[in-house]
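What follows is calculated from the coordinates using simple rules that are stated; it is not laboratory data. What you see is a predicted model; the values in this text were computed from it and never measured. Cβ: placed from backbone, ideal geometry, glycine included. Neighbour counts: every protein chain shown.
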Amino acid sequence: MIISKKLEIKVRELEKKGYSFIYIEDYVKGFYKGYFESKIKIARNMFKEGFELNVVLRITGFTEQELKDYGSAFRNLFKRLKCNSQNKI
């Protein structure tokens, strides 16, 4: 199952249980933060094992800029989440 589909199912479950919008928004942010951090760890381990940059980018889905400055990637991710949560959740 695709990650976003799993998250969508979980969000619907939380809505049915009556959780507040703020709780659900925080859950989504935490979910993506954990997902993103795990991809960063995977990228680091791939580099330690000698994988080339193009392979790491392809497998993780990162851009080269995100790998250079993943703090910026976090900010961009949360900006997108904030915009999407106001429109979709």
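With 0.36 nm allotted per residue and the present C-alpha distance subtracted, the V55-K5 stretch has 15.4 nm of extension available. What's the FRET efficiency of K16 with Q65 using the Cβ-Cβ distance as r and R₀ = 30 Å, to the nearest 0.05? Between K16 and Q65 the formula returns 0.15. For the pair Y27 and I40, label points projected 7 Å from Cα toward Cβ lie 2.5 nm apart.
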